[in-house]
Amino acid sequence: VILYHLIISFLSSTSTTQTQRRLIIRSRTYRKNNAAIMFHVIPAMSVQRESLKIKQRRRMSDILSLDESELISHIAYRGDHIEEIRHAARDYNKHNRANYAKFIEAVGRNIYPLIIASDHEQDYSGVGTTFTLFMKNGSQMKESPAMGSNYELYKSCSHIFMGLGVVLGPYLENYGMCSKDDDATEKSSNEIRSNHTPWQPVLSSYVQKIKCIKQALTTAAEIEGGESTYEEEVDTVFGMPPTDMQDNLHAMLGSAITFCENCLTTGMLDLTAWKRLNDENFPRIKKNMKAAVSIQANRCISLLLKWKAMLGPELWRDVHVVIPTVWAVGQDNPRKEMMRQVLDADRVSTNIICSEWPRNPDEVRTLLGRIAGDRSIARLVFGTDNLDAKVKTHGLSTAIDVVQDDAMPAIWDAMKREGQTVRERESDIKLDTGSSKNVDRETSTTESNDEIGKCPMALVDDINK
């Protein structure tokens, strides 16, 4: 509105052309039409401004009238002198953990030689173990001894039938049993059927991969004349498997393909036929697995012994081995057994480490630093002067919580106070009471059991030996 007033005043004070006169007329018309609106808007805006000022003054008054003690309570999160004890302990814990994180990272990079025995490295998954040797001078050696062999073929074909369970398993309860249909009396209760079968594309894709293996094996046999061109223990070049293994592979692949195609053709999952398929192929699976691990063992042991000779007795004694694993094979696996056989006997329990955590060399080194660092600190702090000290040292040096020897009696006492039974662990039962009793043997809370309050035998068995 002000801008229009300025334009009108400017144009009125100068000589006007026809265009200028039109602009003046339009501007005056605009001003006239909006006069009524501005008559109501300007007072309303004034009211709003006054209201805003009132609110601002009220807000300022509320802020300034806040009680000082309330404001202090908001920022005094450390509490009173009693609360300060807890905060001081928490501050120390944070500081100590930060120091510990740096400590284990540095320790893990101070231990050589180091061997990482992995089955799941990128581009090296499922090849029968990849070994990486790290030396103090920064050099590395990396080898997958079984890569140039039939290991992958044997192992992959052994997994076909477990893979079928992965493909079909999710759909086993998605459809009603045929016994619920109107013509249930004419159908087997072991047949699962559906009018819509979303599992068919999944199974079709799966069986296509199996057909590719069979076709490749058939084509190679035709070119090579069916003769084996491969000696498992000697050659490093991939070749045709021995004749008996070719027959075994064709039987496995053929039966799996036939089963899958029957399922796709009928739109039906016959559990009886599936069980029969697995039963028939178990001996073949077993033969394949034996052939695969034989290749793995021969080639990997040969490499490890070569490294052992290269390093010499002194350096080999210092070798630490980290085996990144998964829960399904964490307790025992070929990699662990191979290292157990080639390391010095008294270093097997201390220098072979299996863990589910590390997935790259940096994480492996940090894990190694945690384990080696904890062992050193345990010996320096707790020592070995008495049984309690030995238990603490053993706990911090292994996968046992350092407080476990104190926690177990406390947990048992808590169970008894709540009127619950205390379930002993198998290794907590003394031999003279009968070692053949069940692991989950329960002891009544009314029974007299002096051993419950003592150091659990599970934690000191090795020490006593």
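Determine if the stretch 294-306 includes at least one residue that is open to solvent by 80 Å² or more (accessible area, probe 1.4 Å) and modelled with pLDDT of 95 or more. Taking every residue of the stretch 294-306 in turn, at least one turns out to be open to solvent by 80 Å² or more (accessible area, probe 1.4 Å) and modelled with pLDDT of 95 or more. When I400 is tested against (1) in a helix (DSSP H, G or I); (2) open to solvent by 50 Å² or more (accessible area, probe 1.4 Å); (3) not charged (D, E, K, R), just one condition goes unmet, and that condition is (1). Restricting A372, A345 to those that are open to solvent by 40 Å² or more (accessible area, probe 1.4 Å) and within 21 Å of L114 (Cβ to Cβ) reduces the list to A345. The residues of the stretch 344-367 that are part of a helix (DSSP H, G or I) and β-branched (V, I, T), listed by number, are V348, T350, V364, T366. Looking at the structure I just gave you, is I115 touching a strand residue (DSSP E or B) at 6+ places or on another chain (Cβ under 6 Å), closer than 30 Å to W316 by Cα, among the β-branched types (V, I, T) and in a strand (DSSP E or B)? For I115, the condition - touching a strand residue (DSSP E or B) at 6+ places or on another chain (Cβ under 6 Å), closer than 30 Å to W316 by Cα, among the β-branched types (V, I, T) and in a strand (DSSP E or B) - is met. The number of residues in the stretch 109-155 that are open to solvent by less than 10 Å² (accessible area, probe 1.4 Å) and either touching a Cys at 6+ places or on another chain (Cβ under 9 Å) or without any contact (Cβ under 8 Å) to a residue 60 or more places away in the chain (or both) comes to 7. The number of residues in the stretch 79-105 that are outside any helix (DSSP H, G or I) and open to solvent by 70 Å² or more (accessible area, probe 1.4 Å) comes to 1.
Has the stretch 322-333 got at least one residue that is surrounded by 15 or more Cβ atoms within 10 Å (Cβ to Cβ), under 31 Å from the mean Cα position of the chain (by Cα) and part of a helix (DSSP H, G or I)? Spell out how you get there, then give the answer.
At the first step, the residues of the stretch 322-333 found to be surrounded by 15 or more Cβ atoms within 10 Å (Cβ to Cβ) are 322-325, 329, 333.
Subsequent filtering for residues that are under 31 Å from the mean Cα position of the chain (by Cα) retains 322-325, 329, 333.
Narrowing further to those that are part of a helix (DSSP H, G or I): 329.
Yes, the conditions are met somewhere in the stretch 322-333.
Among the residues of the stretch 364-400 satisfying the criterion of being of a type in the set (A, V, I, L, M) and in contact (Cβ under 8 Å) with a residue 60 or more places away in the chain, which is nearest to R97 (Cα to Cα)? Looking at residues that are of a type in the set (A, V, I, L, M) and in contact (Cβ under 8 Å) with a residue 60 or more places away in the chain, I get L367. Would you mind stating whether L168 is touching a residue at least 60 places away in the same chain (Cβ under 8 Å), farther than 30 Å from T243 by Cα, touching a strand residue (DSSP E or B) at 6+ places or on another chain (Cβ under 7 Å) and not in a helix (DSSP H, G or I)? Judged against the criteria, L168 is not a match.
Residues checked against (1) modelled with pLDDT of 70 or more; (2) open to solvent by less than 90 Å² (accessible area, probe 1.4 Å); (3) outside any helix (DSSP H, G or I):
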site	(1), (2), (3)
Y4	no, no, no
S27	no, yes, no
Y30	no, no, no
A35	no, yes, no
V47	yes, no, no
L66	yes, yes, yes
S69	yes, yes, no
V107	yes, yes, no
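Of the residues making up the stretch 414-426, at least one is farther than 30 Å from M135 by Cα, without any contact (Cβ under 8 Å) to a residue 40 or more places away in the chain and in a strand (DSSP E or B).
Within the stretch 265-273, is even one residue assigned to a loop (DSSP other than H, G, I, E, B) and either touching a Ser or Thr at 6+ places or on another chain (Cβ under 7 Å) or free of Cβ contacts under 8 Å to residues at least 40 places away in the same chain (or both)? Yes; the residues of the stretch 265-273 include at least one that is assigned to a loop (DSSP other than H, G, I, E, B) and either touching a Ser or Thr at 6+ places or on another chain (Cβ under 7 Å) or free of Cβ contacts under 8 Å to residues at least 40 places away in the same chain (or both).
So that you can scan it fast, the table gives a plain yes or no per residue for (1) closer than 15 Å to Q296 by Cβ; (2) touching a helix residue (DSSP H, G or I) at 6+ places or on another chain (Cβ under 9 Å):
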| site | (1), (2) |
| --- | --- |
| K94 | no, no |
| R97 | no, no |
| K102 | no, no |
| A106 | no, yes |
| I115 | no, yes |
| F134 | no, yes |
| N150 | yes, yes |
| Y171 | no, yes |
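The values are calculated or read from the model by the stated rules, or taken from the named source; none is laboratory data. A quick note: this is a predicted structure, and the numbers were derived from the prediction, not measured. Here the Cβ is made from the backbone with ideal geometry for all residues, glycine too, and neighbour counts use every protein chain on show. Surface accessibility is based on the protein's heavy atoms, side chains included, excluding ligands, DNA and RNA. Shrake-Rupley method; radii C 1.70, N 1.55, O 1.52, S 1.80 Å.
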